[in-house]
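First up is the structure itself, then whatever we jot down about it.
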Amino acid sequence: MRRLSFVLLALSLLMVALPLLGQSQATTGVIEGTVVDASGAAVPGVTLTVKNIATGYETIVVTDAAGRFRAVLLPLGPYQVTASLQGFATVVQKGLDLGVGQTLTVNIALKQATAAESLPEPDALRNLHARIFEFQLIPVTPRLLLPTAPNVPDVCVPWP
């Protein structure tokens with residue numbers, strides 16, 4: 001009787017503990033994939049901007065020699081991936097929803113850019129110009145260090 005109760009207790013503890021081991025500790029996800037051209041050849045050096053639409057968080061990755069990329073430790077939510085390289089048209093993939101511990105695979109095919117696509121958009125240049133001046137307008141407050149100097153060891157302040 002005692003042995004049966006011990007076995008039942010061990011089984012019940014095991015049944016309670018097993019679901020706890022199956023829970024994921026991950027709170028981030030991964031977006032990876034390859035970038036190829038129209039002929040199917042891998043394209044190295046492509047700059048990919050991976051942006052979370054909900055929060056505005058973005059990270060930039062570059063494809064390796066085999067055309068592969070991998071963006072890791074991404075917060076969960078909806079994403080868009082923008083691929084750009086000089087001489088190719090910019091490709092934007094939207095509608096990517098990243099879940100807990102999920103790895104999304106995004107394969108991108110680049111096309112040759114036309115003459116109109118190779119020129120930068122005026123709005124993009126205007127926003128870049130605004131961002132530059134945004135950082136230059138940060139106010140700087142002067143600090144008076146003389147009143148705090150007597151509190152610093154080995155500092156002598158001459159009295160008038």
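In the stretch 48-84, which residues are under 15 Å from LEU110 (Cα atoms) and more than 13 Å from the chain's Cα centre (by Cα)? Selection gives THR63, ALA66, GLY67, ARG68, ALA83, SER84. Applying the criterion of being in a strand (DSSP E or B) and among the polar types (S, T, N, Q) to the residues of the stretch 93-112, the residue that is modelled with the lowest pLDDT is GLN112.
When the residues of the stretch 59-95 are narrowed to those that are closer than 14 Å to THR28 by Cα and hydrophobic (A, V, I, L, M, F, W, C), which ends up surrounded by the most Cβ atoms within 10 Å (Cβ to Cβ)?
Of the residues in the stretch 59-95, the ones closer than 14 Å to THR28 by Cα are 59, 70-79.
Filter once more, keeping what is hydrophobic (A, V, I, L, M, F, W, C): 71-74, 76.
Values: ALA71: 22, VAL72: 12, LEU73: 10, LEU74: 19, LEU76: 18.
By that ranking, first place goes to ALA71.
Scanning the stretch 54-75 for residues that are touching a residue at least 40 places away in the same chain (Cβ under 8 Å) and not aliphatic (A, V, I, L, M) turns up ARG70, PRO75. Give the residues of the stretch 37-49 that are part of a strand (DSSP E or B) and surrounded by 17 or more Cβ atoms within 10 Å (Cβ to Cβ), sorted by residue number. Answer for the stretch 37-49, where residues must be part of a strand (DSSP E or B) and surrounded by 17 or more Cβ atoms within 10 Å (Cβ to Cβ): just LEU48.
The C-beta contact set for the stretch 1-25 (first residue part of a helix (DSSP H, G or I), second residue modelled with pLDDT under 65 and among the hydroxyl-bearing types (Ser, Thr, Tyr), distance under 8 angstrom, 6+ apart or interchain) is empty.
Yes/no per residue for (1) over 13 Å from GLN93 (Cβ atoms); (2) not in a strand (DSSP E or B):
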| position | (1), (2) |
| --- | --- |
| VAL35 | no, no |
| LYS51 | no, no |
| ALA54 | yes, yes |
| ILE60 | yes, no |
| ARG70 | yes, no |
| VAL81 | no, no |
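Are any residues in the stretch 96-111 in contact with a Pro (Cβ under 9 Å, 6 or more places away or on another chain) and surrounded by 15 or more Cβ atoms within 10 Å (Cβ to Cβ), and if so, which ones? Let's see the steps before the verdict.
Taking the stretch 96-111 as the starting set, the residues that turn out to be in contact with a Pro (Cβ under 9 Å, 6 or more places away or on another chain) are 96-98.
Across the stretch 96-111, the qualifying residues are LEU96, LEU98.
Do we have ARG143 as of a type in the set (D, E, K, R), at pLDDT 60 or above and out of contact with any helix residue (DSSP H, G or I) (no Cβ under 9 Å at 6 or more places or on another chain) here? So ARG143 does not fit the description; no.
Any residue in the stretch 116-130 that is of a type outside the set (A, V, I, L, M), under 22 Å from GLY67 (Cβ atoms), surrounded by 11 or more Cβ atoms within 10 Å (Cβ to Cβ) and at pLDDT below 90? Yes; the residues of the stretch 116-130 include at least one that is of a type outside the set (A, V, I, L, M), under 22 Å from GLY67 (Cβ atoms), surrounded by 11 or more Cβ atoms within 10 Å (Cβ to Cβ) and at pLDDT below 90. Taking the condition of being at pLDDT 75 or above and either of a type in the set (S, T, N, Q) or within 20 Å of ALA71 (Cα to Cα) (or both), how many residues in the stretch 1-50 meet it? The number of residues fulfilling the criteria is 22.
The values are calculated or read from the model by the stated rules, or taken from the named source; none is laboratory data. Keep in mind that this is a model prediction, so the values were computed, not measured. No Cβ is skipped: glycine too gets one built from the backbone with ideal geometry, and neighbour counts run over all protein chains shown.
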